[in-house]
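For reference, the structure is listed below as structure tokens.
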Amino acid sequence: MMMKWILFLCLSGFAVLCRAQVLDRIVAVVEEDVILERELNTEVAAITAKLSGNNVMIPPEFVLRKQVLERMVVDKLQRQLAAKSGVQVSDDMLSSSIADIASRNGLSVDAFRKELSKQGMDYKSFEDNLRNEIIINQLRGREIGARVKVTDAEVLHYMETQSKAGLSNSQYHLGHILVAIPEGASASAIQKAKDKADQIIADLRGGKDFKQLAVSVSDDDNALKGGDLGWRGIGQIPSLFTEIVTTMNQGDVSEAIRSPSGFHIIKMLETEGAGQHIVTKTKVRHILIKTNELIDDAEAQKRLLALRERINDGDDFANLARAHSDDKGSAINGGSLDWVGPGALVPPFEEAMGKLAINEISQPVQTQFGWHMIQVLGRENQDNSEQFKKDKIREEIRKRKIEEETELWLRRLRDEAFVEIDLDRL
């Protein structure tokens, strides 16, 4: 009876009071959604544990909560945009990603789940975080990655430029701090940000810990990682920083670098060179039998085993490939895929191929394309340094472009959104 009376009061004369009780738990309004204080507390606890585990000094609580909340706001804005854009992650995709992560750690999914539990991590929370990460990556791929192109001319220009400078093999481990300014900021706001950046530089050059300062003051997406950008080739470094980075020694801190996003500060954490790149190439051919309504897995394997017997009895592999292989592109060449390098073929095929001796013919091997019978005709080590360098440069330039576009896109997304933060909750 008491609950009914309370409900009646909420729906009539005391609606404002009841609403206030609900809003009491809200720390930020983000467009049509909210961030609750308990959500912020949970995230702050997780980040605190991670920073402690990495031996990074924890900044004052208010500063850390502000940094964490800002990241949560940007994440929520991205998830809202993803939902509006129809970006989704199926349960199968999530399960596949978890299996891949477990495999990279040398564990089965069950063992991985138990390991998370040992470390005090809730498996459901892990799934939710991973799903969120995949959604955001897909959104960024759609909004940014799809329109970023790297031309052959850009790769060649980069190689020529860096070769003249003697920098083509250099690798840099960088730290980064951003003092952001909103679009359309006033002159006084820009000067205030510049003064803040100059003070940070003075503090760093005076011996303050970079990671701790980055966690405390940086507006960059990597702030809670201590501002660590990781190891990068010169092509991976935003073009805005390239000229400055190549003049820095280990331990140096740059002057404030102006961009549309704000003022950037770079610290050279480490540098190193790179060497020769040797790859093993394999000359391989195959016969493919695809499954369909009439040919199931068992029938496909049966047909390949029959062909294998014929080859062992003296029939020519190439002739049988031309007559029976469902891979029409290679069948015309007797099943030949020619010389292939690492990563050129799907993993199950490449794994089986790697176990074969020269001229040995495999048992039936399944991939997403169907069932294969594989024969290795030769192997050789090749100096792939030049092509490897080109491929790496192309990827580095692409990553650099995506990073620059992402920074601007996130800043624009944040500036254009309706966000109201209850500072008293921090």
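Coordinate-derived values only; no laboratory data. Predicted model only: the values in this text are computed from it and were never measured. Note that we place each Cβ from the backbone using ideal geometry, even for glycine, and neighbour counts take in every protein chain shown.
Below is a table of values for the structure above.
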| item | result |
| --- | --- |
| P(r) of the stretch 278-383 over all Cα-Cα pairs, binned every 10 Å from zero, in whole percent | 16, 51, 28, 5, 0 |
| Candidates Thr280, Thr246, Thr367: whichever shows maximal mean-square fluctuation once the chain is modelled as a Gaussian network with Cα springs under 10 Å | Thr367 |
| Semi-axis lengths (Å, descending) of the ellipsoid that matches the C-alpha gyration tensor of the stretch 214-350 | 57, 19, 13 |
| The stretch 87-141 - Debye-derived log10 I(q)/I(0), Cα point model, q = 0.19, 0.22, 0.23 Å⁻¹ | -0.67, -0.85, -0.91 |
| Percentage, to the nearest whole number, of Cα pairs in the stretch 318-368 over 17 Å apart | 43 percent |
| Nearest 10 degrees, 0 to 90: helix 152-165 Cα axis against the chain principal axis | 70 degrees |
| Set of aspartates and glutamates near Lys290 by C-alpha distance (under 17 Å), chain-local residues within fewer than 8 positions excluded | Glu299, Asp326, Asp327 |
| The chain, Cα convex hull volume normalised per residue, Å³ | 229 Å³ |
| Separation in nanometres of the label points that stand 7 Å from Cα toward Cβ, at Ile58 and Lys118 | 2.5 nm |
| Residues Ser117, Ser325 arranged by fewest to most Cβ contacts within 10 Å | Ser117, Ser325 |
| Which listed pairs, of Lys84/Lys390; Lys50/Lys149; Lys50/Lys76; Lys50/Lys355; Lys84/Lys114; Lys118/Lys225, have C-alpha distances above 32 Å, in listed order | Lys84/Lys390; Lys50/Lys149; Lys50/Lys355; Lys84/Lys114 |
| Taking Ile287, Ile332, Ile265 and counting other C-beta atoms within 10 Å, the order from fewest to most | Ile332, Ile265, Ile287 |
| Set of aspartates and glutamates with alpha-carbon distance to Lys401 below 14 Å, sequence-local pairs under 8 removed | Glu143, Glu154 |
| Folded to 0 to 90 degrees: helix 2-11 orientation relative to the chain principal axis, Cα | 80 degrees |
| The stretch 85-193, Rg to Rh (Cα coordinates; Rh as Kirkwood inverse mean 1/r) | 1.13 |
| Dipole in debye (nearest 20) - the chain, about Cα centre, beta carbon charges: Lys, Arg +1; Asp, Glu -1 | 200 debye |
| Gap separating the Cα centres of the stretch 87-124 and the stretch 353-399, nearest whole Å | 28 Å |
| Residue-averaged 222 nm ellipticity for the chain, from DSSP H runs of 4+ at -39500 (n - 2.57), nearest 500 | -17000 deg cm²/dmol |
| Order of Phe263, Phe62 - criterion: other Cβ atoms within 10 Å of each residue's Cβ, fewest first | Phe62, Phe263 |
| Crossing angle, helix 385-416 versus the chain [Cα axis fit, 0-90 degrees, rounded to tens] | 30 degrees |
